[in-house]
Every structure is written in structure tokens, then in C-alpha cells.
Amino acid sequence: MLTTGIKGKQELVVTKENTAKAMGSGTLEVFATPAMIALMEKTAYESVAPELEEGSGTVGTALNVKHVAASPVGMKITCESELVKVDGRALTFSVKAYDEKGLIGEGEHERFIIYNEKFQAKADAKLEK
């Protein structure tokens, strides 16, 4: 059973591949907002994955994040998450990202516990005519 207080942590280094220029979210070679968001989602879902029953997973349903500082290529990024609310299968996380000089992003991320096969089958059914 999931309880509040579960924490996660992930690290990566800014590369040319995860810059705004490469990802199409801007023209500069700084850590892209979509890359920061993906890191926040990964940090949150991996933090609770070991606590879920077999065959279950989580999907992101909402994100409210501010990207407050730029990070250049070569800088290490650290993301931290904390599960702050459990409402049935709905999970709410506090997420923060830092570079080596300080806070670069923060906000709230919501995820929902799903049954992987059932969820995938429902999505795949959209392809049927």
C-alpha cells in the first residue's frame, strides 16, 4: 500500500540531445523544459514502482511546473520527488529539479495507478475500425 513520504531521486547531465534547440522547444543550447518534465515524471513513477502490485503501473495525468533557471550543456541535473497525497489510485507528487548552482524547476505532478495490460488494450482499441 502506498503512503505519503515516498521519495525519489534521479540525476543526468545536460547534453546537446536534451537541449531546447535539439528538442524543438527553443533555439538555445540549454536544458529543455520538456526534458526537465520527462525527468520529473521518471523520478516520480520510479519512486513508487516497487510498491505497486505486479502488473500495475502509473501514468501521468497532470503537471504544473515552473522552469525558473537555465542550465548549460555539461551541467549535472538532480531531480527529487516526494509523494505528498494518495487518494485511492490518484497520486500527487511534489517535484523539484536542481543544477549545480541551485533550483531550476519545481511544481506538482499527478499520476494515476493503472493495470498495464488493460490500459494498453484500451489504448490499442483506438486503432480498430
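The values are calculated or read from the model by the stated rules, or taken from the named source; none is laboratory data. Because the structure is predicted, anything quoted here is derived from the model rather than measured. Cβ sites come from the backbone with ideal geometry, for glycine too, and all protein chains shown count toward neighbours. Areas reflect the complete protein model, heavy atoms only, side chains present, ligands, DNA and RNA absent. Shrake-Rupley method; radii C 1.70, N 1.55, O 1.52, S 1.80 Å.
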Starting from 0.36 nm per residue, how many nanometres of slack lie between V73 and K122 once their C-alpha separation is accounted for?
13.7 nm
Considering all projection directions equally, how large on average is the shadow of the alpha-carbon convex hull of the range 1-47, in square nanometres?
3.6 nm²
With viscosity set to 1.002 mPa s and temperature to 20 °C, compute the Stokes-Einstein D of the range 61-129, Rh being the Kirkwood radius across alpha carbon pairs; µm²/s, no decimals.
148 µm²/s
Each label sits 7 Å from Cα toward the beta-carbon; between T61 and Y115 the label points are separated, in nm, by 1.7 nm
For the range 41-93, convex hull of alpha carbons as volume per residue, Å³:
113 Å³
Using only helices, what value at 222 nm comes out for the chain when you add -39,500 (n - 2.57) per DSSP H run of length 4 or more and divide by the total residues, to the nearest 500 deg cm²/dmol?
-6500 deg cm²/dmol
Roll a 1.4 Å probe over the protein heavy atoms and report the accessible area of T15 in Å², nearest 10.
50 Å²
Taking Cα atoms, how many degrees apart are the long axis of helix 33-48 and the longest axis of the chain, rounded to 10 and kept between 0 and 90?
40 degrees
Given a cut-off of 26 Å, what percent of all Cα-Cα pairs of the chain lie beyond it?
30 percent
Which residues does the label zone of E46 cover in the range 1-23, counting backbone N under 13 Å from a point 7 Å along Cα→Cβ?
8-13
Check the straight Cα-Cα distances from K16 and name the lysines below 26 Å, setting aside those fewer than 8 residues away within the same chain.
K42, K66, K76, K96, K101
